[in-house]
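The values are calculated or read from the model by the stated rules, or taken from the named source; none is laboratory data. These numbers were taken from a predicted model, which means no experiment stands behind them. Ideal geometry is used to build each Cβ from the backbone, glycine not excepted, and the neighbour counts take in all protein chains shown. To get the accessible areas, we keep the full protein, side chains included, count just its heavy atoms, and leave off ligands, DNA and RNA. Shrake-Rupley method; radii C 1.70, N 1.55, O 1.52, S 1.80 Å.
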Amino acid sequence: MSSPVEPYVMFRNVDKSYDGKTNVVDGLDLDIAKGEFLTLLGPSGSGKTTTLMMLAGFEAPSAGTIQFDGKPITSVPTYKRDFGMVFQNYALFPHMTVAENLAFPLRMRHVPKPDITAKVRKTLDIVQLGHLADRKPGQLSGGQAQRVALARSIVFDPKMVLMDEPLGALDKQLREQMQLEIKRLHHELDITMLYVTHDQTEALTMSDRIAVFSDGKIQQIGTPTQMYGAPENKFVASFMGENNCLDGKITKLGDKGLVSVHLTEFGVEMCAISTRERHIGDPVKLMVRPERVRLVEEGSADAFPAKVTDTIYYGDHVRLVFGANPESALTTRVAHETQGGQWVPGDTVMLSWDPRAAIVFRP
(Lines give C-alpha, C1' and ligand atoms only; values in the text may rest on other atoms or scores of the structure.)
Protein backbone atom coordinates (compact mmCIF):
# COMPACT_ATOMS: atom_id res chain seq x y z
CA MET A 1 0.00 0.00 0.00
CA SER A 2 1.37 3.42 -0.93
CA SER A 3 1.80 6.03 1.81
CA PRO A 4 -0.39 9.15 1.76
CA VAL A 5 1.02 12.27 0.13
CA GLU A 6 2.83 14.46 2.65
CA PRO A 7 1.14 17.83 3.21
CA TYR A 8 2.75 20.79 1.45
CA VAL A 9 2.53 22.84 4.67
CA MET A 10 2.45 21.38 8.18
CA PHE A 11 1.94 23.19 11.49
CA ARG A 12 2.57 20.90 14.44
CA ASN A 13 1.66 21.96 17.99
CA VAL A 14 2.46 25.59 17.18
CA ASP A 15 2.06 28.25 19.87
CA LYS A 16 2.54 31.98 19.55
CA SER A 17 2.64 34.35 22.51
CA TYR A 18 3.68 37.99 22.52
CA ASP A 19 3.82 38.42 26.30
CA GLY A 20 4.92 34.96 27.41
CA LYS A 21 1.59 34.41 29.17
CA THR A 22 -1.27 34.29 26.67
CA ASN A 23 -1.15 32.30 23.45
CA VAL A 24 -2.72 34.07 20.48
CA VAL A 25 -2.18 30.80 18.60
CA ASP A 26 -2.52 27.76 20.83
CA GLY A 27 -1.40 24.21 19.97
CA LEU A 28 -2.07 24.61 16.26
CA ASP A 29 -2.04 21.52 14.04
CA LEU A 30 -2.80 22.32 10.41
CA ASP A 31 -2.06 20.68 7.06
CA ILE A 32 -2.29 22.40 3.67
CA ALA A 33 -2.20 20.34 0.47
CA LYS A 34 -0.27 21.41 -2.61
CA GLY A 35 -2.53 23.34 -4.97
CA GLU A 36 -5.18 23.90 -2.29
CA PHE A 37 -7.04 27.14 -1.57
CA LEU A 38 -7.35 27.20 2.22
CA THR A 39 -9.04 30.07 4.02
CA LEU A 40 -8.43 30.97 7.66
CA LEU A 41 -11.70 32.50 8.86
CA GLY A 42 -12.48 34.10 12.18
CA PRO A 43 -13.10 37.31 14.12
CA SER A 44 -10.41 39.84 14.96
CA GLY A 45 -7.90 38.48 17.46
CA SER A 46 -8.69 34.83 16.75
CA GLY A 47 -5.15 33.97 15.59
CA LYS A 48 -5.68 33.65 11.85
CA THR A 49 -3.39 36.50 10.73
CA THR A 50 -0.70 35.47 13.21
CA THR A 51 -0.78 31.99 11.70
CA LEU A 52 -0.25 33.43 8.22
CA MET A 53 2.54 35.70 9.48
CA MET A 54 4.37 32.75 11.04
CA LEU A 55 4.20 30.86 7.75
CA ALA A 56 5.44 33.95 5.90
CA GLY A 57 8.33 34.36 8.34
CA PHE A 58 7.31 37.75 9.74
CA GLU A 59 6.64 36.14 13.12
CA ALA A 60 8.46 33.26 14.84
CA PRO A 61 6.48 30.58 16.69
CA SER A 62 6.95 30.41 20.44
CA ALA A 63 6.75 26.62 20.28
CA GLY A 64 6.14 23.87 17.75
CA THR A 65 7.31 23.36 14.18
CA ILE A 66 6.31 24.57 10.73
CA GLN A 67 7.33 22.58 7.67
CA PHE A 68 7.08 23.49 4.01
CA ASP A 69 7.53 20.92 1.26
CA GLY A 70 8.91 18.42 3.76
CA LYS A 71 11.49 20.75 5.36
CA PRO A 72 11.44 22.87 8.55
CA ILE A 73 11.28 26.58 7.71
CA THR A 74 11.23 28.23 11.14
CA SER A 75 14.82 29.48 10.72
CA VAL A 76 14.48 30.30 7.01
CA PRO A 77 14.40 34.09 6.36
CA THR A 78 11.23 35.53 4.82
CA TYR A 79 12.89 36.46 1.53
CA LYS A 80 14.12 32.89 1.03
CA ARG A 81 10.71 31.26 1.51
CA ASP A 82 9.65 32.24 -2.02
CA PHE A 83 6.08 33.14 -1.11
CA GLY A 84 3.95 35.77 -2.83
CA MET A 85 2.15 38.14 -0.45
CA VAL A 86 -0.97 40.28 -0.89
CA PHE A 87 -2.07 42.74 1.80
CA GLN A 88 -5.16 44.88 2.31
CA ASN A 89 -3.22 48.12 1.74
CA TYR A 90 -1.74 46.83 -1.57
CA ALA A 91 1.85 47.81 -0.52
CA LEU A 92 2.64 49.11 -4.02
CA PHE A 93 5.57 51.48 -4.60
CA PRO A 94 3.90 54.83 -5.40
CA HIS A 95 6.87 56.20 -7.38
CA MET A 96 6.97 53.18 -9.72
CA THR A 97 4.71 52.40 -12.65
CA VAL A 98 2.55 49.28 -12.65
CA ALA A 99 5.11 47.50 -14.83
CA GLU A 100 7.98 48.60 -12.58
CA ASN A 101 6.11 47.35 -9.49
CA LEU A 102 5.84 43.91 -11.09
CA ALA A 103 9.45 43.99 -12.28
CA PHE A 104 10.79 44.73 -8.80
CA PRO A 105 10.58 41.18 -7.32
CA LEU A 106 12.08 39.82 -10.55
CA ARG A 107 15.03 42.24 -10.36
CA MET A 108 15.59 41.24 -6.75
CA ARG A 109 15.89 37.66 -8.00
CA HIS A 110 18.37 38.72 -10.70
CA VAL A 111 16.13 37.66 -13.58
CA PRO A 112 17.60 38.76 -16.95
CA LYS A 113 16.09 42.01 -18.24
CA PRO A 114 14.50 40.54 -21.43
CA ASP A 115 12.86 37.84 -19.32
CA ILE A 116 11.58 40.47 -16.89
CA THR A 117 9.87 42.40 -19.70
CA ALA A 118 8.21 39.26 -21.07
CA LYS A 119 7.16 38.02 -17.64
CA VAL A 120 5.66 41.37 -16.62
CA ARG A 121 3.71 41.62 -19.87
CA LYS A 122 2.38 38.06 -19.53
CA THR A 123 1.33 38.53 -15.90
CA LEU A 124 -0.43 41.83 -16.57
CA ASP A 125 -2.34 40.11 -19.36
CA ILE A 126 -3.39 37.36 -16.92
CA VAL A 127 -5.00 39.96 -14.64
CA GLN A 128 -6.28 41.94 -17.64
CA LEU A 129 -4.27 45.09 -16.89
CA GLY A 130 -1.82 45.21 -19.79
CA HIS A 131 -3.21 48.58 -20.88
CA LEU A 132 -2.27 50.15 -17.53
CA ALA A 133 1.42 49.14 -17.47
CA ASP A 134 2.68 52.76 -17.54
CA ARG A 135 0.37 54.18 -14.89
CA LYS A 136 1.38 54.94 -11.30
CA PRO A 137 -0.56 53.40 -8.38
CA GLY A 138 -2.10 56.79 -7.57
CA GLN A 139 -3.79 56.77 -10.97
CA LEU A 140 -5.54 53.44 -10.36
CA SER A 141 -8.92 52.57 -8.87
CA GLY A 142 -9.03 50.38 -5.77
CA GLY A 143 -9.90 47.30 -7.80
CA GLN A 144 -7.11 47.98 -10.31
CA ALA A 145 -4.56 48.51 -7.53
CA GLN A 146 -5.56 45.24 -5.91
CA ARG A 147 -5.17 43.46 -9.25
CA VAL A 148 -1.66 44.89 -9.54
CA ALA A 149 -0.83 43.69 -6.02
CA LEU A 150 -2.14 40.25 -6.95
CA ALA A 151 -0.12 40.26 -10.18
CA ARG A 152 3.05 41.23 -8.32
CA SER A 153 2.54 38.31 -5.92
CA ILE A 154 2.50 35.77 -8.78
CA VAL A 155 4.89 37.33 -11.32
CA PHE A 156 7.94 35.44 -10.01
CA ASP A 157 6.19 32.02 -9.95
CA PRO A 158 6.14 31.68 -6.15
CA LYS A 159 5.73 28.35 -4.44
CA MET A 160 2.70 29.69 -2.58
CA VAL A 161 0.62 32.88 -2.28
CA LEU A 162 -0.43 34.25 1.14
CA MET A 163 -3.23 36.82 1.31
CA ASP A 164 -4.18 38.78 4.44
CA GLU A 165 -7.61 40.45 4.18
CA PRO A 166 -6.77 41.55 0.61
CA LEU A 167 -10.27 42.77 -0.29
CA GLY A 168 -11.16 44.56 2.92
CA ALA A 169 -10.71 48.05 1.46
CA LEU A 170 -12.96 47.47 -1.56
CA ASP A 171 -16.67 48.14 -1.85
CA LYS A 172 -19.12 45.25 -2.08
CA GLN A 173 -19.33 45.05 -5.87
CA LEU A 174 -15.55 45.21 -6.36
CA ARG A 175 -15.05 42.69 -3.59
CA GLU A 176 -17.33 40.21 -5.32
CA GLN A 177 -15.56 40.77 -8.64
CA MET A 178 -12.15 40.21 -7.06
CA GLN A 179 -13.35 37.05 -5.33
CA LEU A 180 -14.12 35.57 -8.73
CA GLU A 181 -10.84 36.89 -10.13
CA ILE A 182 -8.75 35.29 -7.37
CA LYS A 183 -10.65 32.02 -7.71
CA ARG A 184 -10.02 32.07 -11.48
CA LEU A 185 -6.30 32.65 -10.98
CA HIS A 186 -6.08 29.85 -8.44
CA HIS A 187 -7.53 27.37 -10.92
CA GLU A 188 -5.64 28.76 -13.90
CA LEU A 189 -2.22 28.79 -12.20
CA ASP A 190 -2.76 25.71 -9.98
CA ILE A 191 -0.97 27.46 -7.14
CA THR A 192 -1.31 26.90 -3.38
CA MET A 193 -3.09 29.79 -1.67
CA LEU A 194 -3.59 30.63 2.01
CA TYR A 195 -6.22 33.33 2.50
CA VAL A 196 -7.15 35.19 5.69
CA THR A 197 -10.53 36.88 6.13
CA HIS A 198 -13.28 37.60 8.64
CA ASP A 199 -15.89 37.55 5.84
CA GLN A 200 -17.69 34.20 5.70
CA THR A 201 -19.10 34.94 2.23
CA GLU A 202 -15.57 35.29 0.86
CA ALA A 203 -14.59 32.02 2.51
CA LEU A 204 -17.59 30.12 1.18
CA THR A 205 -17.22 31.55 -2.33
CA MET A 206 -13.52 30.97 -2.88
CA SER A 207 -12.17 28.12 -0.75
CA ASP A 208 -11.44 24.45 -1.21
CA ARG A 209 -11.43 24.22 2.60
CA ILE A 210 -12.08 26.62 5.46
CA ALA A 211 -10.51 26.62 8.92
CA VAL A 212 -12.60 28.57 11.45
CA PHE A 213 -10.50 30.14 14.21
CA SER A 214 -11.52 31.31 17.68
CA ASP A 215 -9.28 32.10 20.66
CA GLY A 216 -6.17 30.84 18.87
CA LYS A 217 -7.60 27.43 18.01
CA ILE A 218 -9.21 25.87 14.97
CA GLN A 219 -12.83 25.18 15.86
CA GLN A 220 -13.52 23.20 12.69
CA ILE A 221 -11.96 22.63 9.28
CA GLY A 222 -13.69 21.33 6.18
CA THR A 223 -15.18 22.12 2.80
CA PRO A 224 -17.58 25.08 2.45
CA THR A 225 -20.49 22.63 2.23
CA GLN A 226 -19.42 20.88 5.44
CA MET A 227 -18.83 24.10 7.33
CA TYR A 228 -22.17 25.65 6.37
CA GLY A 229 -24.33 22.54 6.45
CA ALA A 230 -22.79 20.56 9.32
CA PRO A 231 -21.19 22.90 11.89
CA GLU A 232 -19.66 21.04 14.82
CA ASN A 233 -20.29 23.63 17.53
CA LYS A 234 -22.29 26.73 18.31
CA PHE A 235 -19.48 29.15 17.41
CA VAL A 236 -19.04 27.73 13.90
CA ALA A 237 -22.79 27.57 13.35
CA SER A 238 -23.24 31.22 14.30
CA PHE A 239 -20.13 32.48 12.48
CA MET A 240 -20.78 30.69 9.19
CA GLY A 241 -23.68 32.73 7.88
CA GLU A 242 -27.06 33.61 9.33
CA ASN A 243 -28.60 31.22 11.81
CA ASN A 244 -31.67 31.26 14.00
CA CYS A 245 -30.61 30.48 17.57
CA LEU A 246 -33.52 29.33 19.74
CA ASP A 247 -33.51 28.44 23.45
CA GLY A 248 -35.04 25.13 24.45
CA LYS A 249 -34.88 21.89 26.44
CA ILE A 250 -34.61 18.29 25.34
CA THR A 251 -37.95 16.51 25.85
CA LYS A 252 -37.43 13.26 23.94
CA LEU A 253 -34.57 11.18 22.51
CA GLY A 254 -35.04 9.47 19.14
CA ASP A 255 -33.05 7.33 16.73
CA LYS A 256 -30.01 8.39 14.71
CA GLY A 257 -29.38 11.54 16.75
CA LEU A 258 -32.89 12.96 16.48
CA VAL A 259 -34.17 14.78 19.56
CA SER A 260 -37.35 16.67 20.41
CA VAL A 261 -36.85 20.19 21.78
CA HIS A 262 -39.34 22.38 23.62
CA LEU A 263 -38.77 25.88 22.20
CA THR A 264 -39.04 28.42 25.02
CA GLU A 265 -40.04 31.39 22.83
CA PHE A 266 -42.83 29.59 20.98
CA GLY A 267 -43.98 27.00 23.53
CA VAL A 268 -43.88 24.13 21.02
CA GLU A 269 -41.87 20.96 20.41
CA MET A 270 -39.80 20.57 17.26
CA CYS A 271 -37.27 17.98 16.16
CA ALA A 272 -33.58 18.50 15.42
CA ILE A 273 -30.28 16.62 15.16
CA SER A 274 -27.79 16.34 17.99
CA THR A 275 -24.18 15.47 17.20
CA ARG A 276 -23.46 14.80 20.89
CA GLU A 277 -25.09 12.61 23.50
CA ARG A 278 -27.96 14.43 25.21
CA HIS A 279 -30.29 13.75 28.11
CA ILE A 280 -33.92 14.64 28.69
CA GLY A 281 -34.11 18.02 30.38
CA ASP A 282 -30.81 19.30 28.98
CA PRO A 283 -30.94 23.00 28.04
CA VAL A 284 -29.87 23.51 24.42
CA LYS A 285 -29.65 26.03 21.60
CA LEU A 286 -31.50 24.91 18.49
CA MET A 287 -30.02 26.41 15.34
CA VAL A 288 -31.71 26.41 11.93
CA ARG A 289 -30.84 28.50 8.87
CA PRO A 290 -33.48 31.06 7.79
CA GLU A 291 -33.69 29.50 4.32
CA ARG A 292 -34.57 26.12 5.87
CA VAL A 293 -37.60 27.49 7.75
CA ARG A 294 -40.67 26.91 5.55
CA LEU A 295 -44.12 28.45 5.48
CA VAL A 296 -46.63 25.59 5.26
CA GLU A 297 -50.38 25.08 5.12
CA GLU A 298 -52.42 24.97 8.31
CA GLY A 299 -52.78 21.40 9.51
CA SER A 300 -49.36 20.31 8.19
CA ALA A 301 -47.47 17.80 10.30
CA ASP A 302 -44.47 18.96 12.36
CA ALA A 303 -45.50 22.61 12.12
CA PHE A 304 -46.40 25.34 14.60
CA PRO A 305 -48.15 28.71 14.45
CA ALA A 306 -46.11 31.90 14.82
CA LYS A 307 -47.04 35.56 14.68
CA VAL A 308 -45.18 37.89 12.32
CA THR A 309 -43.52 40.66 14.33
CA ASP A 310 -41.62 42.38 11.51
CA THR A 311 -41.03 42.26 7.75
CA ILE A 312 -37.76 43.37 6.10
CA TYR A 313 -37.56 44.03 2.38
CA TYR A 314 -34.37 42.81 0.60
CA GLY A 315 -35.40 43.22 -3.03
CA ASP A 316 -35.30 39.62 -4.19
CA HIS A 317 -36.87 38.37 -0.96
CA VAL A 318 -38.57 39.46 2.24
CA ARG A 319 -37.47 38.42 5.73
CA LEU A 320 -40.31 37.54 8.05
CA VAL A 321 -39.46 37.85 11.74
CA PHE A 322 -41.26 35.93 14.50
CA GLY A 323 -41.02 36.20 18.29
CA ALA A 324 -41.14 39.04 20.79
CA ASN A 325 -37.55 38.67 22.03
CA PRO A 326 -34.99 39.99 19.47
CA GLU A 327 -32.27 37.72 20.88
CA SER A 328 -34.30 34.57 20.24
CA ALA A 329 -36.35 35.72 17.25
CA LEU A 330 -36.89 33.37 14.33
CA THR A 331 -36.54 34.57 10.74
CA THR A 332 -37.31 33.02 7.37
CA ARG A 333 -36.91 34.16 3.77
CA VAL A 334 -39.83 34.39 1.37
CA ALA A 335 -39.43 35.09 -2.36
CA HIS A 336 -40.87 38.56 -2.96
CA GLU A 337 -42.52 37.70 -6.27
CA THR A 338 -44.54 34.90 -4.66
CA GLN A 339 -45.72 35.32 -1.09
CA GLY A 340 -43.45 38.03 0.27
CA GLY A 341 -45.84 40.90 -0.13
CA GLN A 342 -48.77 39.14 1.53
CA TRP A 343 -47.65 39.25 5.14
CA VAL A 344 -47.73 42.12 7.64
CA PRO A 345 -46.92 42.29 11.36
CA GLY A 346 -49.67 40.61 13.35
CA ASP A 347 -50.38 37.86 10.81
CA THR A 348 -50.10 34.28 12.01
CA VAL A 349 -48.52 31.65 9.75
CA MET A 350 -47.49 28.00 10.11
CA LEU A 351 -43.76 27.25 10.22
CA SER A 352 -41.86 24.01 9.78
CA TRP A 353 -38.43 22.62 8.91
CA ASP A 354 -36.83 19.32 8.07
CA PRO A 355 -35.57 17.95 11.43
CA ARG A 356 -32.18 17.19 9.86
CA ALA A 357 -31.79 20.85 8.88
CA ALA A 358 -31.80 21.89 12.55
CA ILE A 359 -28.93 21.19 14.98
CA VAL A 360 -28.81 21.45 18.76
CA PHE A 361 -25.77 22.58 20.77
CA ARG A 362 -25.03 23.28 24.37
CA PRO A 363 -26.06 26.84 25.41
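Considering every residue within segment 308-317, establish whether at least one is of a type in the set (A, V, I, L, M), loosely packed, with under 13 Cβ neighbours inside 10 Å and either touching a Lys or Arg at 6+ places or on another chain (Cβ under 6 Å) or modelled with pLDDT of 90 or more (or both).
Yes: segment 308-317 contains one or more residues that are of a type in the set (A, V, I, L, M), loosely packed, with under 13 Cβ neighbours inside 10 Å and either touching a Lys or Arg at 6+ places or on another chain (Cβ under 6 Å) or modelled with pLDDT of 90 or more (or both).
How many residues are of a type outside the set (Val, Ile, Thr) and not in a strand (DSSP E or B) when one looks only at segment 25-57? Outline the logic, then answer.
Filtering segment 25-57 down to residues of a type outside the set (Val, Ile, Thr) leaves 26-31, 33-38, 40-48, 52-57.
From the residues that got through so far, the ones that are not in a strand (DSSP E or B) too are 33-36, 42-48, 52-57.
Going through segment 25-57 one residue at a time, the tally reaches 17.
If PRO7 meets every condition in (1) in contact with an Asp or Glu (Cβ under 8 Å, 6 or more places away or on another chain); (2) of a type outside the set (D, E, K, R); (3) modelled with pLDDT of 95 or more apart from one, which number is that one?
Status for PRO7: all satisfied but (3).
Which ones in segment 281-297 are touching a Ser or Thr at 6+ places or on another chain (Cβ under 8 Å) and open to solvent by 50 Å² or more (accessible area, probe 1.4 Å)?
Once the filter is applied, which keeps residues that are touching a Ser or Thr at 6+ places or on another chain (Cβ under 8 Å) and open to solvent by 50 Å² or more (accessible area, probe 1.4 Å), segment 281-297 yields GLU291, ARG294.
Restricting to segment 53-62, name every residue that is touching a strand residue (DSSP E or B) at 6+ places or on another chain (Cβ under 7 Å) and either open to solvent by less than 30 Å² (accessible area, probe 1.4 Å) or farther than 16 Å from SER75 by Cα (or both).
MET54, LEU55, ALA56, PRO61
Cβ-Cβ distance below 9 Å, separation of 6 or more or different chains: which pairs start in segment 178-195 with a residue that is in contact (Cβ under 8 Å) with a residue 40 or more places away in the chain and surrounded by fewer than 18 Cβ atoms within 10 Å (Cβ to Cβ) and end on one that is assigned to a helix (DSSP H, G or I) and among the hydroxyl-bearing types (Ser, Thr, Tyr)?
Qualifying pairs under 9 Å: LYS183/THR205.
Which count do you get for residues in segment 200-218 that are buried (at least 20 other Cβ atoms within 10 Å of the Cβ) and not small (Gly, Ala, Ser)? Write out each step before concluding.
Restricting attention to segment 200-218, the residues satisfying the condition of being buried (at least 20 other Cβ atoms within 10 Å of the Cβ) are 200, 202-203, 206-207, 210-213, 216, 218.
Narrowing further to those that are not small (Gly, Ala, Ser): 200, 202, 206, 210, 212-213, 218.
The total comes to 7.
Name the residues in segment 121-169 that are of a type in the set (S, T, N, Q), closer than 20 Å to LYS183 by Cα and open to solvent by 10 Å² or more (accessible area, probe 1.4 Å), would you?
Correct list: GLN128, GLN144.
Just for segment 111-146: of the residues that are of a type in the set (Gly, Ala, Ser) and part of a helix (DSSP H, G or I), which one is modelled with the highest pLDDT?
The extreme case among them is ALA118.
Could you identify the single residue in THR65, THR39, THR50 that is open to solvent by 60 Å² or more (accessible area, probe 1.4 Å), at pLDDT 95 or above and not aliphatic (A, V, I, L, M)?
Numbers: THR39 fails: open to solvent by 60 Å² or more (accessible area, probe 1.4 Å); THR50 fails: open to solvent by 60 Å² or more (accessible area, probe 1.4 Å).
Going through THR65, THR39, THR50 in turn, the sole match is THR65.
Counting just the residues of segment 75-101 that are open to solvent by 70 Å² or more (accessible area, probe 1.4 Å) and assigned to a loop (DSSP other than H, G, I, E, B), which one comes out nearest to TYR195 (Cα to Cα)? Reasoning before the result, please.
To start, the set of residues in segment 75-101 that are open to solvent by 70 Å² or more (accessible area, probe 1.4 Å) comprises 75, 79-80, 88-89, 94-95, 100.
Keeping just the survivors that are assigned to a loop (DSSP other than H, G, I, E, B) gives 75, 88-89, 94-95.
On the way: SER75: 23, GLN88: 12, ASN89: 15, PRO94: 25, HIS95: 28 Å.
Among those residues, the one meeting the criterion is GLN88.
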